């Protein structure tokens, strides 16, 4: 699956219009790494690898969680499992970390059923790893997050403006500012 997945992922990254210079650099690095890596979706094949993240939105705003190890307020996300796409990893991680019944936003699905890539971010991932993070917009409904034991319990819905303020990473804050609906803090982006 890796070889057949690289082409569509590379095309989505190449087609992405960056929101700022940081994302432009991340896109450039991700494209170079996708060309270099034999298995860009495996965290075991190389310290540099693709991850998938979810920007969970709903009528209540945006879900953020305080990362257990890093102590930072971020979006849910993580490594791509064998046989998984980055967008499937984003959806799985969002469900695992929030306990919410998440699904891709219907208005952000392509004709092929693949969700729109809404952001690319390259960042240190711990243990000497570099994450090529591909981010997707996910509908989280309006239920209260209910993360299972072992996941961060510091989690919640935030109005868009509060999420921008709470985000520990400026690149995430920039994305949230870009995605925020123009018609109020509780709209769904």
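Only the coordinates and a few stated rules stand behind these numbers; no lab work does. Keep in mind that this is a model prediction, so the values were computed, not measured. Neighbour counts run over all protein chains shown; Cβ positions are idealised from the backbone, glycine included.
Provide, for q = 0.27 Å⁻¹, the log10 of I(q)/I(0) from a solvent-free Debye sum over equal Cα point scatterers in segment 18-68.
With no solvent term, the Cα-only Debye profile gives -1.00.
List 130, 85, 98 from most exposed to least, where exposure is judged by having the fewest other Cβ atoms within 10 Å.
130, 85, 98
Rounding to the nearest 10 and keeping the result within 0 to 90°, find how far the Cα-based axis of helix 2-15 lies from the longest principal axis of the chain.
Long axis of 2-15 versus the principal axis of the chain: about 60 degrees.
P(r) of segment 72-119 in 10 Å steps, Cα pairs, percent per bin?
P(r) over segment 72-119, rounded to whole percents: 25, 53, 21, 1.
Please build a GNM for the chain, connecting alpha carbons under 10 Å apart, and tell me which residue among 129, 67, 95 fluctuates the most.
129
Hey, quick one: spin label on residue 153, modelled 7 Å out along Cα-Cβ, who in segment 46-85 has an amide N within reach, i.e. under 20 Å?
Only 64-74, 76 fall inside the zone, counting backbone N under 20 Å.
Give the angle, between 0 and 90 degrees and rounded to the nearest 10, that separates the Cα long axis of helix 86-98 from the longest principal axis of the Cα atoms of the chain.
For 86-98 against the chain, the angle is about 40 degrees.
Multiply the residue gap between residue 39 and residue 161 by 0.36 nm, knock off their C-alpha separation, and tell me the result in nm, one decimal place.
On the way: separation 122, 0.36 × 122 = 43.92 nm, distance 3.81 nm.
Length gained, residue 39 through residue 161: 40.1 nm.
Please label the shape of segment 77-189 as rounded, prolate or oblate, based on the square roots a ≥ b ≥ c of the eigenvalues of the alpha-carbon gyration tensor (a/c under 1.5 means rounded; beyond that, a/b larger than b/c means prolate, else oblate).
rounded
From the square roots a ≥ b ≥ c of the eigenvalues of the alpha-carbon gyration tensor of segment 102-143, which class results: rounded (a/c under 1.5), prolate (a/b over b/c), or oblate?
Judged from the Cα gyration tensor, segment 102-143 comes out oblate (a/c at least 1.5, b/c at or above a/b).
Would you compute the Debye intensity of segment 2-179 from its alpha-carbon atoms alone, equal scatterers and no solvent, and pass along log10 I(q)/I(0) at q = 0.19 Å⁻¹ to two decimals?
Log10 of I(q)/I(0), two decimals: -1.35.
Along the Cα→Cβ direction, 7 angstrom out, place labels at residue 31 and residue 142. What is the inter-label distance in nm?
According to this spin-label approximation, the distance is 4.2 nm.
What FRET efficiency do you get for residue 24 and residue 127 if R0 is 22 Å and r is their Cβ-Cβ distance, rounded to the nearest 0.05?
Numbers: r = 27 Å, r/R0 = 1.23.
Taking R0 as 22 Å, the efficiency between residue 24 and residue 127 is 0.25.
Give me 105, 16, 69 sorted ascending by neighbouring Cβ count inside 10 Å, so fewest comes first.
Fewest-to-most ranking of 105, 16, 69: 69, 105, 16.
Over segment 33-189, what is the percentage of antiparallel beta bridges among all DSSP beta bridges, to the nearest 5?
70 percent
Kindly provide log₁₀ I(q)/I(0) values, in the same order as q = 0.22 Å⁻¹, from the Debye equation applied to equal alpha-carbon scatterers of segment 30-110.
For the requested q values the scattering log ratios are -1.08.
Counting each DSSP H run of 4 or more residues in the chain as -39500 (n - 2.57), what helix-only mean residue ellipticity at 222 nm follows after dividing by all residues, to the nearest 500 deg cm²/dmol?
So the helix-based figure for the chain works out to -10000 deg cm²/dmol.
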